[in-house]
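To start, the structure under review is shown below, and the notes come after it.
Laboratory data are not the source of any read-out in this text; all were calculated from the coordinates shown. What you are looking at is a predicted structure, and each value in this text was computed from that prediction instead of being measured. When we count neighbours, we look across all protein chains shown, and the Cβ atoms used for this are built from the backbone with ideal geometry, even at glycine.
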Amino acid sequence: SYLLDDFDLARVEAQVQDNIPALKTVLAPHFKIGTSVTRGMIDTPHAALIRRHFNSITPGNEFKWDAVQATEGQFAFEGTDRWVDFAAQHGMQIRGHTFVWHSQAPAWLFQDAQGQPLTSSPAHKTLLMARLETHIRTIARRYGNRIAVWDVVNEVTDPAFPDGLRRSPWFNVLGKEYIDRAFIVAREELPNAKLVINDYNTDIPARREALYRVVADLKARGIPVDGVGHQMHNSFARPTPGQVETTLQRFIPLGVDQEITELDVTLYDDLTASWTEPPADRLVRQGQYYRDLFDVLRRFADNISTVTVWGPSDDDSWLNYAFDTRQDWPLLYDRQLQAKPAYWGIVDPTYLTAAPLSTRLLAPASAR
Ligand code: 9MR
């Protein structure tokens, strides 16, 4: 054992690099580039990183039902207000995520006044539809045009069923009408917003076709859906650039805008490995993956309005806690907010041939 005496413990804030191109400038000819944001980031150096590189934000959790209306009829807008103001202040687009999802929904939503699960009885149908409408109308009226894009429904497909629709509580009570109503009500309230149906694994043929059928059916019946969101939680193995191309191509005849809404690229091949540091060769491969992916996305720029990565920097990825506690490095900037090979893959792939730049700045003691 030993004693320490008379020392300072100081937090060294990450420094946002000011000598590299802003992602949003590099990509301006093609599409908007966004990131998801989480609570607290407004007050950390992440805010500077977000302002510098991105022109769209998607609050990752604040707009979800359990955050906005945890208790029936009591709307909490503190978290959402902050981000809407932040976006307005910095001239960014903001995406609302999401009005209708089966997950991160409070228990009361699918229960009657006695706490019993809702059924498909006429009374319960009326109740749940009224809840859906109230929720959408209340949020839409608060923010109106300040929110340019809405993920109106999230993850509603399931290729296991012939109709391609997930058997969520929404579906089990209301049938597919809940999707129709969500879009119709959103359009009534928000005539100018882009209304999106968002889903994952859209590169896998079964899911892609399920989503295609659902969107085609909505369009055929005049339901106002403007866009398809491909989440894209990717790995090196999939989707390949070719699979992305096939997926984007598939939706073009439907005349919808397309967005990449939740992009990240795990460094792992499986669920068993667990590293404490990212292997350098993997970071370069990740850069190559982002390079090849963005080559495709740029080619489809006419059909894509926004590409959003699911977090500004590796310290703020859902993948750090989704699978036990193993760390992952799926994004464009590292935990010190420095540009990774992933960033260079998009901005200037010639840098990928060199060893990853390590330009971490540690402020000299005198400056702390
Ligand atoms: O990023 C979100 C994370 O903070 C939440 O804990 C998680 C809970 O489901 O949701 C994450 O975002 C999800 C998104 O809303 C929908 N697609 C999958 C995303 C990753 O789970």
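Could you list the residues of the stretch 178-208 with an amide nitrogen less than 16 Å from a label point located 7 Å from the Cα of A216 in the Cα-to-C-beta direction? Residues 205-208 fall inside that zone. Under the criterion of Cα pairs below 8 Å and six or more residues apart, the relative contact order for the stretch 1-60 equals 39 percent.
Relative to the longest principal axis of the Cα atoms of the chain, the long axis of helix 241-251 lies at roughly 30 degrees. Peptides 24-32, 116-124 ranked from most to least packed, by the mean per-residue count of other Cβ atoms within 10 Å: 24-32, 116-124. The equivalent ellipsoid of the chain has semi-axes of 37, 25, 20 Å, largest first, where each one is the square root of 5 times an eigenvalue of the Cα gyration tensor.
In percent, rounded to a whole number, the relative contact order of the chain is 17, using alpha-carbon pairs under 8 Å and six or more apart. Taking all Cα pairs closer than 8 Å and separated by 6 or more residues, the relative contact order of the stretch 159-231 comes to 39 percent. Once you treat every alpha carbon in the stretch 1-121 as an equal point and sum by Debye, what is log10 I(q)/I(0) at q = 0.09, 0.17, 0.19, 0.23 Å⁻¹? Here the Debye-derived log intensity ratios amount to -0.42, -0.91, -1.03, -1.30.
Binning the alpha carbon pair distances of the stretch 175-297 at 10 angstrom intervals from zero yields the distribution 12, 38, 27, 16, 7, 0, expressed in whole percent. Here the peptides 254-263, 209-218 are ranked by packing, the mean other Cβ count within 10 Å, and the order with the highest first is 254-263, 209-218. Please give the helix 122-143 orientation as an angle from the longest Cα principal axis of the chain, in degrees from 0 to 90, rounded to the nearest 10. Approximately 40 degrees, to the nearest ten.
Ordering 220-231, 329-340, 314-325 by mean Cβ neighbour count within 10 Å, with the highest value first, yields 329-340, 220-231, 314-325. The HN-Hα couplings worked out from phi for the stretch 67-79 by the Karplus form 6.51 cos²θ - 1.76 cosθ + 1.60 (θ = phi - 60°) are 8, 7, 9, 5, 10, 4, x, 10, 8, 10, 10, 4, x Hz, whole numbers, x standing for Gly and Pro. Lysine pairs in the chain whose alpha-carbon atoms fall under 15 angstrom of each other, counting only those eight or more residues apart or on distinct chains, come to 5.
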